[in-house]
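Presented below is the structure to which this report refers.
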Amino acid sequence: MASKYWIKLYHEVLDDPKIGRLRVALKWRFIECLLVAGDDGILPQIDDMAWRVRADVEELETDLNELSDAGLLNRVAGDWQVNRGIGPEDRIRRELSQSKKRKILKRDNHICQYCGGEANQVDHIIPVSQGGTNKWSNLAAACWKCNRSKWDRTPAQWIADKENRNAPMA
């Protein structure tokens, strides 16, 4: 008899730009990956997974590569592994104390380091999702608008994305 289990997705998945930027079919493929992954996040061999999710092997390989490019899957010793994303254990790691937030805002004179407006939040310059830490040198005061717009991108990635959005269409 097949085992029965469930997965829990945290509400942050709705606001995660890595998932939000995916086409709808690829979002569903990611959910399938979560469902078929073992406890260690390792996906079944490609032929077995293709049968399990009723997909063509070539199409599945293409989708897995796209999910990897989006930062949702990793290659580990030749196997695909799900990057489980933001869970409660990650939340603990990235949380800043109120005291540290106040000190960062004071250090930066409550000025947003991105637009020069009034800052009321603290941002990770290099996002935690990209290896950033809670060290002072990686924290900056930010206004709500800039912090939400930047999300999990570095300043260079954020600026490049803004420039691409504003570029004239050919």
Inset, instruction - Please determine, by comparing only the residues of the range 106-129 that are of a type in the set (A, V, I, L, M, F, W, C) and within 25 Å of the chain's Cα centre (by Cα), which one is surrounded by the most Cβ atoms within 10 Å (Cβ to Cβ). - result: A119
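Could you tell me how many of the residues in the range 115-129 are out of contact with any helix residue (DSSP H, G or I) (no Cβ under 9 Å at 6 or more places or on another chain) and either over 22 Å from K103 (Cα atoms) or free of Cβ contacts under 8 Å to residues at least 12 places away in the same chain (or both)?
Initially, the range 115-129 is screened for residues out of contact with any helix residue (DSSP H, G or I) (no Cβ under 9 Å at 6 or more places or on another chain), giving 116, 118.
Within this subset, residues satisfying the condition of being either over 22 Å from K103 (Cα atoms) or free of Cβ contacts under 8 Å to residues at least 12 places away in the same chain (or both) are 116.
Here the count works out to 1.
Please enumerate the residues belonging to the range 86-127 that are of a type in the set (K, R) and modelled with pLDDT under 65.
Narrowing the range 86-127 to residues of a type in the set (K, R): 91, 93-94, 100-103, 106-107.
Selection gives R91, R93, R94.
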Inset, instruction - Check the range 62-85 and report whether any residue there is polar (S, T, N, Q), exposed (fewer than 13 other Cβ atoms within 10 Å of the Cβ), assigned to a loop (DSSP other than H, G, I, E, B) and at pLDDT below 95. - result: no
Inset, instruction - Inspect all residues belonging to the range 43-53 and state whether any of them is modelled with pLDDT under 95, touching a Phe, Trp or Tyr at 6+ places or on another chain (Cβ under 7 Å), more than 21 Å from R153 (Cβ to Cβ) and surrounded by 11 or more Cβ atoms within 10 Å (Cβ to Cβ). - result: yes
Inset, instruction - Kindly check whether there is at least one residue in the range 144-158 that is on the phi > 0 side of the Ramachandran plot, touching a residue at least 12 places away in the same chain (Cβ under 8 Å) and buried (at least 17 other Cβ atoms within 10 Å of the Cβ). - result: yes
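The values are calculated or read from the model by the stated rules, or taken from the named source; none is laboratory data. It should be emphasised that the depicted structure is a prediction, and the values quoted were computed from it without experimental measurement. We place every Cβ from the backbone using ideal geometry, glycine too, and count neighbours over all the protein chains shown.
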